[in-house]
Every structure is written in structure tokens, then in C-alpha cells.
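Report on the following structure.
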Amino acid sequence: MGVRIEAQAGHRLHLTGDIETVLDVPARGIAEGFSLAFSDGTLVQGTCIPGGDACRFGIASEGAAMARITRHGLGDALDLDWSFDWITLACGAQTLQPDADNESEDVLQLTLDIEVREEA
């Protein structure tokens, strides 16, 4: 079946299909953009459209999934036909960084900015 991702009011990403959830896009993702990494190897860049509850998506790296971006209202909808084990959201303009051993390789790596808080 796969997963469909659309923007939702309040700077959220609504996932439907095999995975049903809503992801809040943090302030850094709203201002600088965000990236989505999928367990099949697909990497997607996203930007929030100012003044609206819509996003634009672009495929940064194709994985095994069949990816399709379609116009949805003011923004885009992303459809991925694959069974995913996990999906990760990372925020900021520099989340997709080249990380290749050989300069001729076209490799992108998702950089995660994770903060851990422990209760005293």
C-alpha cells in the first residue's frame, strides 16, 4: 500500500496508508526546510510554504520505493509505494550532506540533530 504525506494545518505532516500518524515540523524545519529519510533508502527534501499550510517536496535520493510527487492544493503530496520499517524527520538547511569516499560517487547522508533530555 505505501505511505502518503501531505501538509496539515499548524505546520504538520499527515502520514496515511501503512503508517498513520502526524509529525510536527519544528520551528527550524519551518524556517530552513526539512528532510525525510525512509528505510528503503529514499531521501526527500521538504520546504514549508510561507503563509500557508502547505509544503513542497523534492526527491534528493531515490531508494527502492516508487515515489510520486503531485500537486495538492497550494503545495505537494508525496506518495511512496513501499512497505517501510521506519521514517525519520530531520530539520535544517544542512540535513542532507555529501558523504562519499570517492568524489565521483553521488551519495547523500542524512545528518540528525538529536537532543536527549534526562529527568533528574
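Out of (1) of a type outside the set (S, T, N, Q); (2) closer than 19 Å to residue 94 by Cα; (3) out of contact with any Ser or Thr (no Cβ under 7 Å at 6 or more places or on another chain), the odd one out for residue 43 is which?
Only one criterion in (1) of a type outside the set (S, T, N, Q); (2) closer than 19 Å to residue 94 by Cα; (3) out of contact with any Ser or Thr (no Cβ under 7 Å at 6 or more places or on another chain) is unmet by residue 43, namely (3).
Quick one: residue 19 ticks every box in (1) assigned to a loop (DSSP other than H, G, I, E, B); (2) of a type in the set (A, V, I, L, M, F, W, C); (3) open to solvent by 60 Å² or more (accessible area, probe 1.4 Å) bar one, so which box is it?
Just one mismatch for residue 19, condition (3).
Looking at region 70-105, which of the residues that are surrounded by fewer than 16 Cβ atoms within 10 Å (Cβ to Cβ), closer than 22 Å to residue 11 by Cβ and of a type in the set (A, V, I, L, M) is modelled with the highest pLDDT?
74
Filter region 44-69 down to residues that are over 14 Å from residue 3 (Cα atoms) and among the hydrophobic types (A, V, I, L, M, F, W, C) and give me whichever is surrounded by the fewest Cβ atoms within 10 Å (Cβ to Cβ).
49
Kindly list the number of the only condition in (1) in contact with a Pro (Cβ under 9 Å, 6 or more places away or on another chain); (2) at pLDDT 95 or above that fails for residue 11.
The one condition residue 11 does not meet is (2).
Output yes when any residue across region 7-17 is under 18 Å from residue 82 (Cα atoms) and charged (D, E, K, R), and no when none is.
From region 7-17, those under 18 Å from residue 82 (Cα atoms) are 14-17; that's our starting set.
Right, trim to charged (D, E, K, R) and you get none.
No.
The values are calculated or read from the model by the stated rules, or taken from the named source; none is laboratory data. The shown structure was predicted, so the numbers you read here are calculated from the model rather than taken from an experiment. Please note: Cβ atoms are built from the backbone with ideal geometry, for glycine as well, and neighbour counts cover all protein chains shown. Ligands, DNA and RNA are stripped out before the accessible areas are found, and what is left, the full protein with its side chains, is counted by its heavy atoms. Shrake-Rupley method; radii C 1.70, N 1.55, O 1.52, S 1.80 Å.
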